[in-house]
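Trainee: Below is a structure I'd like to ask you about.
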Amino acid sequence: MNSTQDPVTLLGTRNSLPQDLQTLLARYPRAHWQHHANLGEMSRFWLQRHDMFREIGSALSGGITDLREGRKNSGEFAGWFAPRLQFFLQQLTTHHHIEDNHYFPVFQRAEKRLEKGFVILESDHHIIHDFLGRTAASANEMFSALAGGGDRERRAVSSYAETNQQLLDLLRRHLEDEEDLIIPIVLDRGEDRLGIG
Ligand SMILES: [Fe+2]
Ligand SMILES: [Fe+2]
C-alpha cells in the first residue's frame, strides 16, 4: 500500500505529522523556534510566506461571508475578490514548485530518517494542486453567476464557499505539518551547513 494512502499520512484525514516523523520536533518544539540561533533568514522568510497564505486564505473566507451577509454587493465583491484569489492561486503554485524542486531534495538528503515525510508533503502538493484547479473552476462559475442574482447566484456562491473552505482546511494542515517537519531539521543543522543560507 502506498504510504500516502494511509489515513494517518493522507492530507484530508490526518490530524498532524505522523508520530514517527515527530522525533526531531520533540527536540525542537514550536515554542523555541523564534528565538533559536539557527532560525536564519531563509527560514524566517519561508515562515512569513506560510503566514501570508494563511492570512490571504482567511481574508478570502471573510470576503465570501461579507457577500453572503450583504456587507458587499456582487460588483464590489468581484472587484475585491478576483485579484486576491488569482494572486493566492499563482503564489501557491510557485511556492510548491520551489519546495518540490529546490528545498525538499536538500532536506531529504540531510535527514534520511525523515525521508518519508517529504513523500507525504509532495503528495499533499498534488492533492492541493488538484484543489486549486477545482477552486478556479468553481470561482469562474461563481463570477459568471454573480451579475444575475437569484437562486443561481446563491447556489454558485454557496458551492464556491464550500470548495474554498475545503482548500483552506487542506492548506492549513499542510503548512503546519510542513513546518513541523522542516524547521526542526534547520534548527538541528543550521542553514549554512544545509546549503540554504
Ligand atoms: Fe508545501
Ligand atoms: Fe510551504
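Trainee: What does the charge count around Asn38 come to, taking other residues whose C-beta lies under 12 Å from its C-beta (Lys +1, Arg +1, Asp -1, Glu -1)?
Mentor: Charge balance in the 12 Å sphere: -1.
Trainee: Additional query: Based only on Cα atoms, what Rg/Rh ratio does region 76-148 have, Rh being taken as Kirkwood's radius?
Mentor: Computed over Cα atoms, the ratio is 1.17.
Trainee: Restricting to DSSP loop positions (anything but H, G, I, E, B) with no more than 15 other Cβ atoms inside 10 Å of their own Cβ, which GluC sites (Glu not before Pro) remain in region 1-90?
Mentor: Here the sparse-neighbourhood loop sites are Glu69.
Trainee: Take each uninterrupted DSSP H stretch in the chain, measure its Cα extent along the helix axis, and return the ones at 24 Å or beyond whose mean Kyte-Doolittle hydropathy is at least 0.0.
Mentor: 115-146
Trainee: Now for a separate question. Return the calculated 222 nm mean residue ellipticity for the chain, to the nearest 500 deg cm²/dmol, obtained by summing -39500 (n - 2.57) across DSSP H runs with n ≥ 4 and dividing by the residue count.
Mentor: Rounded to the nearest 500, it is -24500 deg cm²/dmol.
Trainee: Then there is this: Once neighbouring chains are kept in place and the probe is 1.4 Å, which whole percent of the accessible area of region 1-84 is contributed by carbon and sulfur?
Mentor: Carbon and sulfur together cover 52 percent of it.
Trainee: How charged is the neighbourhood of Thr65? Take every other residue with its Cβ under 11 Å from the Cβ of Thr65, and add Lys/Arg as +1 and Asp/Glu as -1.
Mentor: +1
Trainee: While we're looking at this one, here's another question. For Met52, what accessible surface area do you get with a 1.4 Å probe? Give it in Å², rounded to 10.
Mentor: Probe radius 1.4 Å; accessible area of Met52 about 40 Å².
Trainee: For region 14-194, what Kirkwood radius comes out of the mean inverse Cα-Cα distance, in Å?
Mentor: 17.9 Å
Trainee: While we're here: Counting heavy atoms of the protein chains only and a 1.4 Å probe, report the per residue accessible area for region 135-197 as a whole number of Å².
Mentor: Each residue of region 135-197 exposes 42 Å² on average to a 1.4 Å probe.
Trainee: Carbon-plus-sulfur fraction of the accessible area of region 122-197, 1.4 Å probe, in percent?
Mentor: 44 percent
The values are calculated or read from the model by the stated rules, or taken from the named source; none is laboratory data. Since the model is a prediction, treat every value here as computed from it, not as a measurement. Every residue, glycine among them, receives a Cβ derived from its backbone with ideal geometry; neighbour counts consider all protein chains shown. Please note that ligands, DNA and RNA were not included when accessible areas were found on the heavy atoms of the full protein model with its side chains. Shrake-Rupley method; radii C 1.70, N 1.55, O 1.52, S 1.80 Å.
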